[in-house]
Amino acid sequence: MNAAALSAPQASRRTPWLLLLLYFGAHIVARTLVSDALELDEAEQALWTQQLAAGYGTQPPLYTWLQWAVFQVAGVSVLSLSLMKNALLASTYAFVWLAARRLMAPPLALLAAASMLLIPQIGWESQRDLTHSVLATAVAAATLYVVVRLIEKPRPVLYLALGLCAALGLLSKYSFAVYLAALGLAVLLSRDTRPTLRSPWLIAAALLALVVLAPHALWLLDHWQLASARTLEKLDAAPGLAGGIVRGLSSLLGATLATLAALALAFAAIFGRAAWAPAATSPHCRLWGRYLGLLALLMLALVVVGGATHFKGRWLQPLLFMAPLAFFCCRPHLATHPRLSWLRGTLIVFALLYLFMASMRPVFDGWRNRPDELNEPAAELALALRSAGYDGRAPIVTHDPVLGGVLRVRFPQAPVVVWKDGAPAPQVQPGMHLLIGRGETGRAMFERAGTGDYALLRLRYRHAHPGHPPIEYRYTLVR
């Protein structure tokens with residue numbers, strides 16, 4: 001065999017890594033250049049990472065811990081926020097591809113991972129403004145890869161990796177428990193995979209998971225009401241009502257369609273009848289079928305027993321990300337389908353479209369005369385505050401978490417406190433501090449503070465129609 005023949009498989013193995021580096025590197029560059037302002041989830045991370053804690057309110061703490069570590073290395077910046085998110089997104093595609101190449105022919109393996117672009121919550125929403133769901137999906141993909149390796153050849157290190165993934169997933173998003181339950185039951189109920197669960201190393205994996213979870217679990221015991229209140233509010237839980245069950249089932253169906261409809265339509269349009277051909281009977285195909293069936297039962301139980309009446313597509317993202325993998329695993333005949341190149345072309349178009357949308361989004365919002373957070377003039381605001389005498393180190397108090405996150409990035413040495421409506425005035429260290437608000441809610445904050453002595457600053461959005469009202473900032477240096 002000549003050198004060219006030997007190098008061909010190596011080149012094909014390098015291709016996915018190069019594609020991931022190119023695509024997500026382009027997204028990092030685009031996000032860094034397009035705006036120095038922040039979205040809500042980005043702003044929350046900028047604020048929460050001011051200190052390490054065992055918990056941060058309604059969400060598990062792992063994303064914030066990781067973002068804190070990135071900030072320590074790369075500094076508090078939009079670049080660090082984008083680097084963190086895109087590294088997680090890239091790892092999701094990487095783990096799905098690594099799992100898929102053990103289950104199917106190489107052409108299908110790469111498409112099984114890349115087809116997640118056709119799931120809007122992964123391809124677009126994750127780039128737009130998500131954090132914890134992005135991390136939970138990345139850990140879910142890693143868990144999937146570990147399970148595939150365990151079924152293939154059980155080893156102690158893989159059991160320990162499974163325990164670590166389970167703990168990290170629960171530290172990413174509490175709903176990860178649904179994923180673990182469905183996947184674990186699917187393995188248990190399959191005769192082909194059940195022996196994997198009989199190893200004593202599974203106990204070691206559970207103990208490792210408990211050790212990793214312990215600090216946050218102890219915090220959760222003392223803050224259970226705080227951590228669960230917003231989740232129950234989002235689900236709009238109201239058990240026992242027939243009308244609630246109907247609303248819950250309708251919402252669940254709508255969220256599922258929002259997650260999988262584009263993927264299903266693309267596969268049906270490209271592969272035609274071959275997309276609906278009888279599924280293969282391989283052990284892994286049966287496993288994914290059981291997983292999806294059990295997942296449906298668990299979600300139905302959440303509606304009927306738990307009383308959940310409201311679902312969003314992004315909540316299903318860590319549960320349904322592996323739909324393309326399951327599809328191609330059960331249809332190996334598609335590896336030689338004459339329209340396989342059509343799917344490749346479709347995925348390239350979607351990838352470029354997402355990159356274009358991410359790069360031009362503030363401009364589009366300005367054209368629509370609906371400027372959002374990314375159009376906030378962060379640099380101009382910071383310059384105006386410095387010109388007014390703010391030293392960039394004194395504590396900052398504001399009512400708006402997005403504004404607080406923006407100021408945290410512009411003044412990383414200044415502690416930032418968000419003064420929520422109805423809460424007592426925050427305690428700040430003696431000395432000067434900056435009190436700043438935005439719009440009418442900013443005016444209300446000054447009324448709560450009992451002071452009308454403030455400066456008024458009007459700044460234009462970065463992209464908006466000429467007649468659009470400017471942003472009004474009220475601020476004062478309290479000594």
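The values are calculated or read from the model by the stated rules, or taken from the named source; none is laboratory data. Everything quoted here is computed from the prediction, not taken from an experiment. So basically every Cβ, Gly included, is an ideal-geometry build from the backbone, and we count neighbours across all protein chains shown. These accessible areas exclude ligands, DNA and RNA; they are computed on the full protein's heavy atoms, side chains included. Shrake-Rupley method; radii C 1.70, N 1.55, O 1.52, S 1.80 Å.
Other residues whose C-beta falls under 14 angstrom from the C-beta of Val134 contribute a net charge of -1, scoring Lys and Arg +1 and Asp and Glu -1. Each part reduced to its alpha carbon centroid, segment 320-341 and segment 363-440 end up 49 Å apart. At a 1.4 Å probe, what is the % contribution of carbon and sulfur to the accessible area of the chain? Roughly 66 percent of what the probe reaches on the chain is carbon or sulfur.
Close Lys pairs in the chain, defined as Cα atoms under 30 Å apart and 8 or more places apart or on different chains, number 11. Its DSSP H runs of at least 4 residues, each contributing -39,500 (n - 2.57), put the calculated 222 nm mean residue ellipticity of the chain at -21000 deg cm²/dmol, to the nearest 500. P(r) tail for the chain: Cα pairs beyond 31 Å make up 50% of the total.
Protection proxy ranking for 73-84, 463-474, 166-177, using the average of other Cβ atoms within 10 Å per residue and placing the highest first: 166-177, 73-84, 463-474. Here the label points at Lys153 and Val211, each 7 Å from Cα along the C-beta direction, are separated by 2.6 nm in the simple model.
Heavy-atom accessible area, probed at 1.4 angstrom with all protein chains present, ranks Asp365, Asp421 as Asp421, Asp365, highest first.
Annotation: peptides 265-276, 318-329, ranked by per-residue average of other Cβ atoms within 10 Å with the highest first, follow the order 318-329, 265-276. Helix 242-271 axis versus longest C-alpha principal axis of the chain: approximately 60°, rounded to the nearest ten. A simple spin-label model places pseudo-atoms 7 Å from Cα toward Cβ; at Glu380 and Trp276 they are separated by 5.6 nm.
Counting only protein chain heavy atoms and rolling a 1.4 Å probe, the accessible areas of Trp65, Trp288, Trp124 rank, largest first, as Trp65, Trp124, Trp288. Just report the Cα centroid separation between segment 251-313 and segment 38-87, whole Å. After rounding, the separation between the Cα centres reads 32 Å. Relative to the longest principal axis of the Cα atoms of the chain, helix 283-304 runs at roughly 40 degrees. For the chain, the solvent-accessible area works out to 46 Å² per residue, with a probe of 1.4 Å and every protein chain left in place.
Ser82 sits among other residues whose Cβ lies under 13 Å from its own Cβ, and their net charge, with Lys and Arg +1 and Asp and Glu -1, is -2.
Dimensions of segment 87-136 along the principal axes, based on C-alpha atoms and rounded to the nearest Å, stand at 34, 17, 13, largest first. Taking the C-alpha atoms only, the angle from helix 201-222 to the longest principal axis of the chain is near 20 degrees.
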